[in-house]
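The values are calculated or read from the model by the stated rules, or taken from the named source; none is laboratory data. Keep in mind it's a predicted model, so treat the numbers as computed, not measured. Note that we place each Cβ from the backbone using ideal geometry, even for glycine, and neighbour counts take in every protein chain shown.
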Amino acid sequence: MLAKLPPLGWNSWNTFGEKISDSLIREMADIIVEHGYRDAGYEYLVIDDCWSLRDRDENGLLVPDPEKFPYGMKALADYVHAKGLKFGMYSCAGVMTCAGYPSSYDHEFTDAQTFASWGVDFLKYDFCNFPETGDCRTRYQTMSMALKSTGRDILFSACNWGQKEPWKWMRSVGAHMYRSTGDIMDNYRSFTDIFRSQLDNLCMSAAGSFNDMDMLTVGMGGKGNVGVGKTCTYEEYRMQFALWCLCSVPLMLGADLRSVAPEYEALMKHPGLLRIDQDAECRSPYVIRKGSVFTSNPDAKEGEMPWRQIPDSSYTIFRHLSDGEFALAFINLSEAESTIHCELVDLGLPVSSGFALDVRDAFTGESLGAKRDYFNQHVPGHDMRLYLCRLVRSHA
Ligand code: GLA
C-alpha cells in the first residue's frame, strides 16, 4: 500500500525553483543518505517544475532539458534508486505548468507511461493553466487512472491548492496526498495561516490519502525561491515542523540540505517529532481549546481597557497516538507571551476518573511527571510546547 503513513521526502522547488540539474539531484541524494535523512524516514526525492524542454518531441513526448539533465531521467532515477531512495517528478493538470513548461492536460496516459518508463515513483501534479471549461475532479481522476494503467506503484501527489475543497474528494479519486492551500512562503505568517486553515479539514486525512500542507521551509533562512518577508527564528521553524507533525501530514523538506545549519538538521530528524507525524493510527488532532491571547496595551487611551486582544491565537490540541500514547500541544500564535490552559476534564479526564497524565516534553525528552486536574503552560510568543503523554493512576 502506498502512503500508509504521511510520505516523507525532499522537493527542489522551495530552494531551487528553476535552478535544477542532474548534478544537484545526485548531490542531494548523497546528502540524504550520508546525513541520515534516509534512515530517519525521508525516502522521496522529488524534482519540481522546470525540468523539461519548452516543447514536446515529434511523438508528443515530454523531453528532459538536456542542459539540465544531460543523462536523461532514467539514469538519474537509477542513481536515486541505488541510494535506496524513491524518485519523484512533476507535471500539471492544466495545459502548461506554472512555470510555462508542457503539461499533461489531454496527455495523461502518454505522460504517465513516460514517467513509469523512467522509473518514477511519485508524481506531483499541479493545477496552473487549467482550462475554464475543464472539470478538476475528472482530470485528477484521469491522471490517477493513467498512473494505475502503468502497472507501476506511483504515489499520486495532487496539488490543486485547496481549490474545490479537495479534502472532500481527492481520496475518492485515488490521490495519496493533496495540497490543500496556496504556496507556502518562508515566513511565520505563511505557515501559521496554512495551519489555521486546515485544522477543520484534517479529519479527512488518513492512511492512503493525506492532506498536504505544502513543503516545509524549515532551515531555509530566507534563501531560495520562496523567501518573501521576514524569515523565521529557530523557535518559529521548530513550531512549523512540530505543527506539521502534530497534524500527521506529509513532510517534504525544502531547504538546501547541503548547507542547512546543524540545529535544523537535528530538528528535521527529531525522533520524538517524527514519531508523532508517523504514528500508525494517523489520527487527526483534537482541538480542545482555541482562543485569544490578551496582552497589555501601553498605548491605550483614556477610557480604553489597558489590554489588547489577539484573536484566534492560542490553541490547546490533543491527539490520540498508538500504543497508549497521546500528544498534547500548547500553541501560542501571537507575538505576546501567554498562559495557555488545559483542564484535564476537557481531555476526558475528570477528577473522578482517578487518572492523571504522565507528561514528557517531546522536544527535550524531559519528564514533567504526572499532571492531574489541570495543566497550564506559560508559552512565549510565536512558540509552542509539545508533550507526549500516557495515562497513569492518580495518587491524590
Ligand atoms: C505551484 C505549486 C508550487 C510549485 C510551483 C512550480 O505554484 O503550488 O508548489 O510546484 O507551482 O511552478
Worksheet item: Just for region 100-139: of the residues that are in a strand (DSSP E or B) and touching a residue at least 60 places away in the same chain (Cβ under 8 Å), which one is farthest from the ligand (Cβ to nearest atom)?
Response: Phe122
Item to complete: Report the residue count in region 218-229 for those that are farther than 18 Å from Leu333 by Cβ and either touching a helix residue (DSSP H, G or I) at 6+ places or on another chain (Cβ under 7 Å) or more than 15 Å from the ligand (Cβ to nearest atom) (or both).
Response: 8
Worksheet item: When Cys50 is evaluated against the numbered criteria (1) more than 12 Å from the ligand (Cβ to nearest atom); (2) assigned to a loop (DSSP other than H, G, I, E, B); (3) buried (at least 16 other Cβ atoms within 10 Å of the Cβ), which criterion, by number, is the only one it fails?
Response: (1)
Discussion item. So the check is Cβ under 8 Å with 6+ separation or different chains; which pairs have a first residue in region 285-312 that's free of Cβ contacts under 8 Å to residues at least 40 places away in the same chain and surrounded by 15 or more Cβ atoms within 10 Å (Cβ to Cβ) and a second one that's outside any loop (DSSP other than H, G, I, E, B) and among the hydrophobic types (A, V, I, L, M, F, W, C)?
Written reply: Tyr286/Ile317; Tyr286/Phe318; Arg308/Phe294; Ile310/Val293; Ile310/Phe294
Discussion item. So Ala75 ticks every box in (1) small (Gly, Ala, Ser); (2) within 15 Å of the ligand (Cβ to nearest atom); (3) not in a loop (DSSP other than H, G, I, E, B) but one. Which box is left unticked?
Written reply: (2)
Item to complete: Return a yes/no flag: does region 37-46 have any residue that is assigned to a loop (DSSP other than H, G, I, E, B), buried (at least 19 other Cβ atoms within 10 Å of the Cβ) and within 16 Å of the ligand (Cβ to nearest atom).
Response: no
Practice prompt. Evaluate the following for Ala93: is it of a type in the set (Gly, Ala, Ser), more than 20 Å from Ile32 (Cβ to Cβ) and either within 16 Å of the ligand (Cβ to nearest atom) or in contact with a strand residue (DSSP E or B) (Cβ under 8 Å, 6 or more places away or on another chain) (or both)?
Written response: yes
Item to complete: Mind counting the residues in region 181-196 that are within 23 Å of Tyr105 (Cα to Cα) and either in contact with an Asp or Glu (Cβ under 7 Å, 6 or more places away or on another chain) or crowded, with 20+ Cβ neighbours inside 10 Å (or both)?
Response: 2
Worksheet, complete the sentence: For region 155-180 the number of residues that are within 16 Å of the ligand (Cβ to nearest atom), assigned to a loop (DSSP other than H, G, I, E, B) and either at pLDDT below 95 or buried (at least 20 other Cβ atoms within 10 Å of the Cβ) (or both) is 7
Worksheet item: (1) touching a helix residue (DSSP H, G or I) at 6+ places or on another chain (Cβ under 6 Å); (2) of a type outside the set (Phe, Trp, Tyr); (3) in a loop (DSSP other than H, G, I, E, B): which one isn't true of Leu5, the others all being true?
Response: (1)
Discussion item. For region 188-217, which positions are in a loop (DSSP other than H, G, I, E, B), more than 16 Å from the ligand (Cβ to nearest atom) and not hydroxyl-bearing (Ser, Thr, Tyr)?
Written reply: Ala207, Gly208
Practice prompt. Give region 354-396 a look and list any residue that's of a type in the set (S, T, N, Q) and either farther than 16 Å from Ile288 by Cβ or surrounded by fewer than 13 Cβ atoms within 10 Å (Cβ to Cβ) (or both), or say none.
Written response: Thr364, Ser367, Ser394
Practice prompt. May I ask you to list the residues in region 140-154 that are in a helix (DSSP H, G or I) and away from the ligand (no atom under 16 Å from the Cβ)?
Written response: Gln141, Thr142, Ser144, Met145, Ala146, Leu147, Lys148, Ser149
Item to complete: Could you please let me know if Ala29 is more than 16 Å from the ligand (Cβ to nearest atom), at pLDDT 95 or above, buried (at least 17 other Cβ atoms within 10 Å of the Cβ) and among the hydrophobic types (A, V, I, L, M, F, W, C)?
Response: yes
Worksheet item: within 16 Å of the ligand (Cβ to nearest atom), buried (at least 23 other Cβ atoms within 10 Å of the Cβ) and among the hydrophobic types (A, V, I, L, M, F, W, C): does that describe Leu62?
Response: yes
Discussion item. Quick check on region 10-17. Is at least one of its residues farther than 20 Å from Asp121 by Cβ and either in a loop (DSSP other than H, G, I, E, B) or without any contact (Cβ under 8 Å) to a residue 60 or more places away in the chain (or both)?
Written reply: yes
Discussion item. Consider region 84-99. How many of its residues are outside any strand (DSSP E or B), buried (at least 19 other Cβ atoms within 10 Å of the Cβ) and of a type outside the set (Gly, Ala, Ser)?
Written reply: 3
Practice prompt. Considering every residue within region 197-214, establish whether at least one is surrounded by 23 or more Cβ atoms within 10 Å (Cβ to Cβ), more than 23 Å from Ile317 (Cα to Cα) and without any contact (Cβ under 8 Å) to a residue 60 or more places away in the chain.
Written response: no
